[in-house]
Each structure stands twice: as C-alpha cells, then as structure tokens.
Amino acid sequence: MSAIETEAFFLLHDSSFETERASSWLQDSSIALVPFSDRDKLADNSRVLLWLGDEQIRDLATLALQRQWQIGLLPHPDARQACAALGAKGDPAQLLVHYAAVEPVGADALFCNGELVFSSVVIGSVLSLRPYDINRPQTTWSLLRGALKGLGQLSLGSYKLTTAKDQGVSLAALGMVAVAHTQSSLVGRRFDENLSIADGRVSLLAIAPRSILAYLWFMLHLIMPGRISLSALPGSLALVQSQRLHLEAQSGFEYLLDGKPVHAAELELVVQPERLCLLPGPALVTREDASVSNKETLRLNHVPVDSAARALIGKHLPLFNHASEDEYRELFVSLRDNATPSSSFQVLMVLSVMLALAGMYANSAPVIIGAMILAPLMAPIVSLAMGLARSEPNLIRGSVKTLAVGTAWGLGCAVLLAWLMPFDIATDEMKSRMSPNLLDLFIAVISGVAGAYAHAKDEIAKSLAGVAIAVALVPPLSVAGIGLGWGDWDMARGALLLLTTNLVGISLAASATFLVLGFAPFTRASRGLAVSLMIAAIVSVPLYIAYDHLIERSRLQERVPAGEFQLLDQTVQVGEVTVTLANPLLVSVVVSSAERLENTHLDELKRMIGEQLDREILLDAQLNIRR
C-alpha cells in the first residue's frame, strides 16, 4: 500500500477511537483518520495529531523523530503524562481550533535509558516532586499527604553522578527528579520559568535534607505561594544541568519513568536538542529567546557529598540536622581555644567591668553599653554550651574555669571600687538589675540562641552575638560586686540571681541550638541538657514569684485613680503611681493642686484608692502646689 498523501492534518488513533462520537468535532475539519497499525505509511514532515495512550506514543517516538512529524496531542484518557508534557489541555474541539492556528516549535527530546521521557524521571522518595496530571492538578493537601507519608522512615541513598563534561560527584539524596523542561511536572508550578523546552540540557533536581526538620522546611517552601528561583534554591535542594547525565548506585535503584516503575543499576539521561517538532498545546509555555546551551550547572547547595554523604547513607533521617565532621572539628577547635583564661581575656574582663561600674555610678546607659561590647564573656559561655551538648568533660571544665576567673575579676573589681567610691545610694541602673523575673530569663534564652548560631555560621559576625551575650551578664555582675562592697545583701542577692539566671539560660539555649544545628546527637546532649534544665527549673521558682508580683503590681496600679478629678472641694492631679506589695499595700502617689490640701483631702483620697483596690492600703502622698 502506498504512503498516504499529505493532508492538512492526520489523526493517528488506536482502537479506542470512536468515529461516531468524534463526528461532532471532526465534521468541519480536514483531517484524515489513520489507525495506529498504518503509522508507517505517513509521510515525512506530516502534521499528525495523536489519539494514543502514553505507551503507544512512546513506541511511536523513534519513528516520529526520524520522519520529523509535527506532533500534536488530543486528550486520550491514557495519555495523561504526554498531555502534561505538551500542554494539551481542553476538549478535542477546542484543541483542533488551537492546532490549526499554532506554529510548530522545536523541542528537546529527553531519553532515559533509550526511552522517551514525556514528563519526568523520578528517582527515590520525592513524592512532592512527582509529575501531575495537567487536567487534574495536584492540590496542596494531596502534596502534603504524599510528602508526610512515612516521614519517620525517610533515609538518604548513595548516588554517583557524572555529567557530559565528566564532572563527577558522589552525593547522598532522598531522591531526584529529572526533567527536560519545567512545564512537565510539579516543578513547573513551583519553580520559576527559566528552563526552556529547547535549551539542550536535562535538569536534575536532587532533594537531600539532613534531617526531618530540613525536609519539612523544604516542603513548606513548596506549598507557600509564589515561585522558587532556580538561581536561589532553598536548602536541601541541588540542581545539575547537562546535555547528558549518568547516574549509578551500588545496589541499583527504583525510578518512575512518567509514572511507570522501573528498576536499574545505572541511568543514562540524554537530551537530543530540538529533535521534536511540536504543535504546542495551550498550556505549554515556550520562550522565544531559547537557544541550545553547552554550559553545565552543578549547584550542590550544601547537600551532603563525599564523606558527609557516607555518614548519612542508609540511616533514618534524624529529627535535627547533623553537622559534618569537618564542620564540627573546625568549630570545636575554636571553642576549645576560647575556653582558656588567657591574659587578654582577663585584661578585657577587668576593663569591661570597670567601664560598667563607671556607668552604674554615673547612671549612664551608653557607658554600660560600651562595657557590654567590650566584655569577652561570650567565648567561654558558648564553649560551655558545646561541652554540655557534646558531654565533653574537658571542655566543660575549661569553660567553667574561665568563667570563674572572669567572674572573680569582675566581683573583685566591683567590691574594691565600692569601698573606694564615696557613694552608697543605688542609681536607677543599679536598681534595674536587682529584681530579676521571667522576662530576664527570656532575654538570656534569646542571647544564648544568638551566640550559638553566630558561632556555628561563619558568615555571621560573632561580635553581634557577643553584644547580646554581654547585655545579660556584665551589668548584674557589676551590681552584685557593688552590693557586696556596700554590705547590701538584698542588692547582692538580687544581682547574683540575675547573673545565675542569665548564665543558665544562655548555656541551656546555646546547647539546644547546637543540638538543632546538628553539632551533637541527642543521645549525647541529653545528660547536659537535663542538668541545665534542672538548674533552670530551680532558678525559675523565684523568677516566677517575682514575675507574678510584677503582674499583680501592674494590675493594682492600673486600678488606682489617676489623672485630674474632684477631691472634695479641690481639683487635683494624681500621677506617678507606685504600688509596693506589703501588708497593708503601700501606694505612693504624687498629688498636685492649686491650693494646699488638708488631712481631710488625704483621708478621702486614701478611701477612694482603697475602695478601688478593695484592699487596706497605706498612702504615701507627695503634695505639690501647681499655679
């Protein structure tokens, strides 16, 4: 039988095609129907519409490439992957109108071990990046359900990757997805449109979280609105682009070729640039500036490679990230050196405390801030936190010794200066460090997190965290020394409680931060954290009592009549209300009036305040004449 002559369109169909049902959308079209069995009789460069399932289209791929047919798809019920790849969305009648007006475009042909890829190749456990049905898109809920399934069983696999230019890398990954262009899978909906259907490269995205928290953070990026830039990928995601990628695993691996499960020991992904002549569907986004690129991209983005990869392979993902041995070794050496009471540390400690004492006596906050910046206490505290997290006795002993030396210098200087200075009245800056509560513990926790995080990240200036640490330690240390020098035990006790609170809070928070950042396994950190938590719980008791009193005083002060009002025959202005918890309550107020107030006025004011507070009070009134 001779080859079929060229028509406006050919419709190549399988046995499921029903001519009668298709007559409504074929009657006005110049389309020749060709059964699949006669596919060899279509001439070169024909315009061919396909009513075929995915597998038949895949079988047809080699012939279509050889004869350079202009291919367009109709929505066959078994062609979901091909329809998604070519953007064939809508009913057949609408698609016929579209294909009659559209110009063909050249597109890359991606082959996986010799088979044409429509949508993507999914390797391993990357349910969140699997292809979707363009006519039945994946919902956020289905994405989350698939990603969270088997969360506690996730583990990284070992892969060796080689590009067309023989760049090789051994990495650990939860899974990978390879696409010829982003339009063909969920990648196209979540990532920006900077991959072309005709750039001559296959793009491989590898998801390699080091912990369950990192995996959940990656999933959060996927479900958040907006697109993710491929030039600024989120953590745990790597990008490799090349004309050819060779992938192998020692024990082989399972992968999904357009949803079809396949097992292989090696994987060869090859792109044939602009070999497909497509009639693009309505949902296919094309770029007019696209051109074939020989440039390779190898953006690993902190995924585990080489020794870091070997440490994670085959194990269930931990809840928190585990730092690599190189990362830990570098940080540990630095912290070990910081945990020694060197001469420079002691000199800076004396200078910072002397500066803080001057600020305390002068009641000057800027001077105290200068002392905070100068203080060297951050280093031994963070070293202590690492020692607690890793249960390293030598590091703990060295850090405690350094802190003890620094504290001794601080208290000694403060006591000596308190004896020498001719002052014995506490300033406002001193008083603010004498009554700690739970808010001070919160400040310590934030300081500890900042200090540990800054030490773990080279790109962060450690001095910034040093300020936060010093804020919580140098001032109460100075006030405690002043209280000891004056023999004011209430003052010394309050300041030492604040110092202890902040030291425990900072150490506990910094240890927990190192745990989250992966510098210590939980099994090793549990003992040190338990001791810190126990001490923090003991310290929190007086802090909670003080915090509760603070709240009670605040509520009582709000109920005290204030402002301008009539008091018997006088108009008075009541302000600067202070309530001291005692039995009876001590209420201090400043009362201003145009005329001098008599005892009857004060008795009436006491009655009004007592009635509002529903408590017996002792009134302390400062009377001012305002004219």
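Computed from the coordinates by the stated procedures, all read-outs in this text should not be read as laboratory data. Every value quoted in this text rests on a predicted model; they were computed, and no experiment measured them. Glycine gets a Cβ as well: all are built from the backbone with ideal geometry, and neighbour counts include every protein chain shown.
Per 0.36 nm of contour for each residue apart, how much would the distance between residue 272 and residue 544 grow if the chain were fully extended, relative to their Cα-Cα spacing? Before the final figure, lay out the partial values.
Values: separation 272, 0.36 × 272 = 97.92 nm, distance 6.99 nm.
Between residue 272 and residue 544, full extension yields 90.9 nm more.
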Exposure proxy order (Cβ contacts within 10 Å, fewest to most) of 332, 565 = 565, 332
query = What list of ³J(HN,Hα) couplings, whole Hz, do you get for the stretch 366-372 from phi and the Karplus terms 6.51, -1.76, 1.60, once you set θ to phi - 60° and write x for glycine and proline?
reply = x, 5, 5, 4, x, 5, 4
ask   = How high is the FRET efficiency between residue 68 and residue 329 when r is their beta carbon distance and R₀ equals 60 Å, given to the nearest 0.05?
value = 0.55
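Would you mind calculating the gained length between residue 565 and residue 420 on full extension (0.36 nm times residue separation, minus the Cα-Cα distance), in nm to one decimal?
Stretched fully, the residue 565-residue 420 segment lengthens by 47.3 nm.
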remark   = Listed by chain and number, the residues whose amide H is under 5 Å from that of residue 9, excluding neighbours fewer than 5 places away on the same chain and using placed H, are 32
task = Provide 497, 477, 374 in ascending order of the number of other Cβ atoms located within 10 Å of each residue's Cβ, fewest first.
result = 374, 497, 477
key: Gained length - residue 306 relative to residue 554, 0.36 nm times residue gap less alpha-carbon distance   = 83.4 nm
inquiry  = Could you list 263, 316 so that the one with the fewest beta carbons within 10 Å of its beta carbon is first and the one with the most is last?
reply    = 263, 316
inquiry  = For residue 295, give me every one of the lysines with a C-alpha distance below 17 angstrom, ignoring sequence neighbours fewer than eight places off in its own chain.
reply    = 165
ask   = Once label points are set 7 Å from the Cα along Cα→Cβ at both residue 625 and residue 167, what is their separation, rounded to one decimal in nm?
value = 8.8
query = What spacing in nm lies between the two simple spin-label points modelled at residue 337 and residue 530, each 7 Å away from Cα in the Cβ direction?
reply = 3.5
request  = Can you bin the stretch 9-103 into rounded, prolate or oblate? Criterion: square roots of the alpha carbon gyration tensor eigenvalues sorted a ≥ b ≥ c, rounded for a/c under 1.5, prolate for a/b above b/c, oblate for the rest.
outcome  = rounded
ask   = When N counts the residues of the stretch 560-625, how does its alpha-carbon radius of gyration compare numerically with 2.2 N^0.38 Å, as a ratio?
value = 1.03
remark   = Karplus-derived 3J(HN,Hα) from phi for the stretch 44-56 (6.51 cos²θ - 1.76 cosθ + 1.60, θ = phi - 60°), whole Hz, x at Gly and Pro, runs 5, 6, 6, 8, 10, 9, 10, 10, 9, x, 4, 5, 5
inquiry  = Give me the one-decimal nm value for the distance between modelled label points at residue 573 and residue 18, 7 Å along each residue's Cα-to-Cβ direction.
reply    = 9.1
key: Sparse-neighbourhood loop sites, GluC sites (Glu not before Pro) in the stretch 14-78 - DSSP loop, at most 10 other Cβ within 10 angstrom   = 18
Distance between the stretch 526-578 and the stretch 67-112 - C-alpha centres, whole angstrom = 72
